[in-house]
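> To start, I am sharing the structure in question, which I have written as structure tokens.
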Amino acid sequence: MSASPMELLKKWLGHPEDIYNLLRFKMGGYRAVMPRIDPDSLGRGLRICYRYLNQTSRSFAAVIQALDGELRHAVCIFYLVLRALDTIEDDMTISLDVKVPMLHEFHSYLYQPEWKYMESKEKDRQVLEDFPTISMEFRKLSKVYQDVISDICHKMGVGMAEFLEKKVDSQHEWDKYCHYVAGLVGIGLSRLFSASELEDPIVGQDTELANSMGLFLQKTNIIRDYLEDQLEGREFWPREVWSRYAKKLSDLAKPENIDMAVQCLNELITNALHHVPDVLTYLSRLKNQSVFNFCAIPQVMAIATLAACYNNKQVFRGVVKIRKGQAVTLMMDATNIQAVKAIMYQYVEEIYQKIPSTDPSSNKTQQVIASIRTMSLPGGPMASRHHYSPIYLSCAMLLAALSWQYLSTISKATEEQPLPHRL
């Protein structure tokens, strides 16, 4: 049930900058970070592909469509191909003896004009049923883009097949699983950025940094989605970690185990934070504004999500989400490396202030935060991002008080945070 306008107002009064940024976003600020493309400028096949993109992920569709030139179409097709592959992996109605060969061979279907799959029961099955349209647009891409997409699709299919009947045991396997489903996406995107010549060759060549970009997002999603995954019978937390706190992963959701559950949560968040220095190094190399926005927005959403989850019992009771106004503020602020460093600094400081002295991982958490601080020490005009004048805030709050229903409506513009469960 959605919140009433009065409830929304009470929530936002505690964060007046959210009010201003929600209004600024709705009044046209979104065009700066997520400009729309004109569908009439596209051929029939691409129009259909962008329609599927919007249907399968509104948040990803927005940032993809903001990319420059031919890179936009290459990333759109890349996303839809991986969505089709992911739909096969997720479909529990497909028997393993059918699914495993399909995952292994899926990259070859890109070159088979008539291939499609009509038996899926998944909600995104249209990308399989109309795969000929997607593969046709794939084959229209420059060969340099085709080679990247086909190669990543092949590697990901093999990795997905490996983990179909295998649970994530060690932290090394956790990294390996996240590499297959998200790190490879980061590597593929980086190679596309370089192939487009909008970014330097090093961006696509440094696969370690590109892998970290994907791992940071995927680990954040896995950590945040503990309860949802439990309810759907999925387990992605590494046994090596959770087995020190409970006999079964599901036991962490029991009220009597909440203290141990939170300690386990904090250890996994500490693990994920180790990727932040790589994320900052990667982003510092980007030159093209549309590519920077595309890469930076999910990363700042992720650090804000981890800060909200850290030491938070709610992870085991429901859904932890960042505020809509907070999401919009991050989207509009994360447009340069200094701003992103300031955002990272802000949220790791928030985590630091919440570290319990009795937490078994407290020393490791403090150490990784110290390394992030070193890379993102505040300085210059972006260090203090939310210093608004009293008159400025009063006007925003008055406007909000006069516009409850309007605010309730525009909040839907940010209903879906750009942090998908799987990339």
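The values are calculated or read from the model by the stated rules, or taken from the named source; none is laboratory data. This one's a predicted model, so the numbers in the text were calculated from it and none came from an experiment. Neighbour counts are summed over all protein chains in view; Cβ atoms, including those assigned to glycine, are modelled from backbone coordinates with ideal geometry. Protein only, heavy atoms only, side chains kept; ligands, DNA and RNA dropped before computing areas. Shrake-Rupley method; radii C 1.70, N 1.55, O 1.52, S 1.80 Å.
> Of all residues in the stretch 67-81, which are part of a helix (DSSP H, G or I) and open to solvent by less than 10 Å² (accessible area, probe 1.4 Å)?
Listed by number, the residues that qualify are L71, A74, V75, C76, I77, F78, L80, V81.
> Checking the structure you have, find out if any residue of the stretch 143-162 is more than 25 Å from the chain's Cα centre (by Cα), of a type outside the set (V, I, T), assigned by the TED database to the domain that holds L82 and modelled with pLDDT of 95 or more.
Yes.
> Suppose the filter is crowded, with 22+ Cβ neighbours inside 10 Å, on the phi < 0 side of the Ramachandran plot and outside the structural domain of S59 (by the TED database); does V320 pass it?
Answer is no for this residue.
> Additional query: Within the stretch 108-121, work out how many residues are touching an Asp or Glu at 6+ places or on another chain (Cβ under 9 Å), in contact (Cβ under 8 Å) with a residue 12 or more places away in the chain and surrounded by fewer than 14 Cβ atoms within 10 Å (Cβ to Cβ).
Here the count works out to 2.
> So, in the stretch 205-235, of the ones that are part of a helix (DSSP H, G or I) and of a type in the set (D, E, K, R), which residue ends up farthest from the chain's Cα centre (by Cα)?
It comes out as E208.
> While we're looking at this one, here's another question. Could you tell me whether any residue of the stretch 201-211 is free of Cβ contacts under 8 Å to residues at least 60 places away in the same chain, buried (at least 20 other Cβ atoms within 10 Å of the Cβ) and over 24 Å from A307 (Cβ atoms)?
Checking the stretch 201-211: at least one residue is free of Cβ contacts under 8 Å to residues at least 60 places away in the same chain, buried (at least 20 other Cβ atoms within 10 Å of the Cβ) and over 24 Å from A307 (Cβ atoms).
> OK, next. Test each condition in (1) open to solvent by 70 Å² or more (accessible area, probe 1.4 Å); (2) at pLDDT below 55 for W12 and report the one that comes out false.
The single condition W12 does not satisfy is (1).
> Related question: For the stretch 36-66, give me the residue count where each residue is open to solvent by less than 50 Å² (accessible area, probe 1.4 Å), more than 14 Å from Q126 (Cβ to Cβ) and either part of a loop (DSSP other than H, G, I, E, B) or at pLDDT 75 or above (or both).
Total satisfying the criteria: 12.
> On the given criteria, is D124 at pLDDT below 95, charged (D, E, K, R), under 23 Å from G159 (Cβ atoms) and open to solvent by 40 Å² or more (accessible area, probe 1.4 Å)?
Judged against the criteria, D124 is not a match.
> Does any residue of the stretch 345-352 turn out to be open to solvent by less than 30 Å² (accessible area, probe 1.4 Å), modelled with pLDDT of 95 or more and of a type in the set (D, E)?
No; the residues of the stretch 345-352 include none that is open to solvent by less than 30 Å² (accessible area, probe 1.4 Å), modelled with pLDDT of 95 or more and of a type in the set (D, E).
> Out of (1) in contact (Cβ under 8 Å) with a residue 40 or more places away in the chain; (2) open to solvent by 10 Å² or more (accessible area, probe 1.4 Å); (3) assigned to a helix (DSSP H, G or I); (4) closer than 23 Å to F294 by Cβ, the odd one out for E105 is which?
That leaves (4) as the condition not met.
> What number of residues within the stretch 82-102 satisfy the criterion of being in contact (Cβ under 8 Å) with a residue 60 or more places away in the chain and either under 24 Å from the mean Cα position of the chain (by Cα) or assigned to a loop (DSSP other than H, G, I, E, B) (or both)?
So the answer is 4.
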